[in-house]
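Trainee: First, the structure itself, so that you have it in front of you.
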Amino acid sequence: MRNILITGGAGFIGSHVVELFVRKYPEYRIITLDKLTYAGSLDNLKCVEGASNHLFINGDITDRKVVEAIFAEHNIDGVIHLAAESHVDRSIDAPMHFAVNNILGTITLLEAARKAWAGAEEGKRFHHVSTDEVYGALPLDGGIFTEESRYEPHSPYSASKASSDHFVRAYHDTYSLPTVITNCSNNYGERQYPEKLIPLFINNIIERKPLPVYGKGLNVRDWLYVGDHARAIDTVFHHGRNGGTYNVGGSNEWSNIELIKRVIAIVDRELGRSEGESMSLIHYVTDRAGHDLRYAIDSQLLQSELGWRPEMNFDDGLLQTVRWYIKQR
């Protein structure tokens, strides 16, 4: 039996990873550690409720005693680290909060793993889940992020994630800690807290509230279905090279305004409204400070080396997501 610690497992992406591992690996024991902040909820883990190979622990990754006790009591031999503050707007308002949670929290976990696995690193794995935002921004007319792209974070959030990435690599290089890093593009899907673009706009359309669009809505993002991301994490955790980094993207770029109009069309149709009825809700607002123009991820290394591919068609994934939020409203 392998004992896998998944941090942030009651959050959006984390709960999908927990669900996948609990169901796919009944021989594993999955320990979920989550602080249950505003973006984490035990409702997200109802999918594994009653599973004999799952244990939930309410705790903080920055609490050294809690983390070390979990490693000792549960003989942890694998970590999938997703716990993080992740909303850029919030990071602009509270950069210190992001530094403490995303940087010091990661170091706390790395130290616990280093001490627990010292001299017995064989078969162990520390998987750090990061973001494409560490690479900065791309021009609208071309370019793509690869694993060799230079780090140029532009927000306190992306700076905190870039720092944590560097600490993970430093622990691999200095202490031979068996680590892997994945940097993913924007995720969408069920269970995402409605402060992020897609669920926020779905809910606002449902409730006929304004749809605030930064600038002219021309910022471009690569969108990845959360289930595809969970499969990528599974693949890299089990088969990635020690010390390796893998980019995870959907090869699915949309400008914000194009995406919003697509969401409007689906929600209006699902609610039986007339076509384009909610277009009048679009409201352009002053652009966000440090708003990166475009992200695009090259996942060729992950695809060629480990055989992962995104499977969810964007239209199908978006429809499935909209229907989930309508049902959960």
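The values are calculated or read from the model by the stated rules, or taken from the named source; none is laboratory data. Just so you know, these numbers come straight off a predicted model, no measurement behind them. Positions of Cβ are backbone-derived with ideal geometry, glycine not excepted, and every protein chain shown enters the neighbour counts.
Trainee: Residues that are surrounded by fewer than 17 Cβ atoms within 10 Å (Cβ to Cβ) and modelled with pLDDT under 95: does region 293-308 have at least one?
Mentor: For region 293-308, residues surrounded by fewer than 17 Cβ atoms within 10 Å (Cβ to Cβ) and modelled with pLDDT under 95: present.
Trainee: For region 263-278, give me each residue that is aliphatic (A, V, I, L, M) and loosely packed, with under 14 Cβ neighbours inside 10 Å.
Mentor: Of all residues in region 263-278, those aliphatic (A, V, I, L, M) come to 263-267, 271.
Matches in region 263-278: 271 only.
Trainee: Is it true that some residue in region 115-123 is in contact (Cβ under 8 Å) with a residue 60 or more places away in the chain, over 18 Å from residue 156 (Cα atoms), surrounded by fewer than 22 Cβ atoms within 10 Å (Cβ to Cβ) and basic (Lys, Arg)?
Mentor: No; the residues of region 115-123 include none that is in contact (Cβ under 8 Å) with a residue 60 or more places away in the chain, over 18 Å from residue 156 (Cα atoms), surrounded by fewer than 22 Cβ atoms within 10 Å (Cβ to Cβ) and basic (Lys, Arg).
Trainee: Next question. If you take just the strands (runs of 3 or more DSSP E) that sit entirely in region 22-106, which of them hold at least 2 residues that are among the charged types (D, E, K, R)? Break it down stepwise before answering.
Mentor: Details: elements: 29-34, 54-58, 78-81.
Those strands (runs of 3 or more DSSP E) span 29-34.
Trainee: Take the residues of region 45-75 that are over 12 Å from residue 7 (Cα atoms) and among the small types (Gly, Ala, Ser): which is surrounded by the fewest Cβ atoms within 10 Å (Cβ to Cβ)?
Mentor: In this case the residue turns out to be 50.
Trainee: Shifting gears a bit: Would you confirm whether or not region 141-148 contains a residue that is more than 27 Å from residue 62 (Cβ to Cβ), acidic (Asp, Glu) and either within 24 Å of the chain's Cα centre (by Cα) or assigned to a helix (DSSP H, G or I) (or both)? Break it down stepwise before answering.
Mentor: Here is the first cut: in region 141-148, the residues more than 27 Å from residue 62 (Cβ to Cβ) are 141-148.
Then keep just the ones that are acidic (Asp, Glu); that gives 141, 147-148.
Within this subset, residues satisfying the condition of being either within 24 Å of the chain's Cα centre (by Cα) or assigned to a helix (DSSP H, G or I) (or both) are 147-148.
Looking through region 141-148, at least one residue is more than 27 Å from residue 62 (Cβ to Cβ), acidic (Asp, Glu) and either within 24 Å of the chain's Cα centre (by Cα) or assigned to a helix (DSSP H, G or I) (or both).
Trainee: Also, I was wondering about something else. List the residue pairs whose Cβ atoms are under 6 Å apart, where the first residue sits in region 260-284 and is within 14 Å of residue 207 (Cα to Cα), the second is buried (at least 17 other Cβ atoms within 10 Å of the Cβ) and of a type in the set (Gly, Ala, Ser), and the two are 6 or more positions apart or on different chains.
Mentor: Qualifying pairs under 6 Å: 264/278; 268/278.
Trainee: When you look at residue 134, is it of a type in the set (Val, Ile, Thr) and either out of contact with any Leu (no Cβ under 6 Å at 6 or more places or on another chain) or assigned to a helix (DSSP H, G or I) (or both), yes or no?
Mentor: Working: of a type in the set (Val, Ile, Thr): yes; either out of contact with any Leu (no Cβ under 6 Å at 6 or more places or on another chain) or assigned to a helix (DSSP H, G or I) (or both): yes.
The answer is yes for residue 134.
Trainee: Pairs only if they're at least six apart or on different chains, beta carbon under 8 angstrom, first in region 204-221 and outside any strand (DSSP E or B) and exposed (fewer than 15 other Cβ atoms within 10 Å of the Cβ), second at pLDDT 95 or above and among the hydroxyl-bearing types (Ser, Thr, Tyr); list them, first residue then second.
Mentor: 208/278; 216/284
Trainee: Suppose we filter region 230-249 for residues that are under 15 Å from the mean Cα position of the chain (by Cα) and among the basic types (Lys, Arg); how many remain?
Mentor: 1
Trainee: How many of the residues in region 159-188 are in contact with a strand residue (DSSP E or B) (Cβ under 6 Å, 6 or more places away or on another chain) and either among the hydroxyl-bearing types (Ser, Thr, Tyr) or in a strand (DSSP E or B) (or both)?
Mentor: Matching residues across region 159-188 total 10.
Trainee: Residue 202 passes all but one of (1) farther than 22 Å from residue 105 by Cβ; (2) under 17 Å from the mean Cα position of the chain (by Cα); (3) aliphatic (A, V, I, L, M); which number fails?
Mentor: (2) is the only condition that residue 202 fails.
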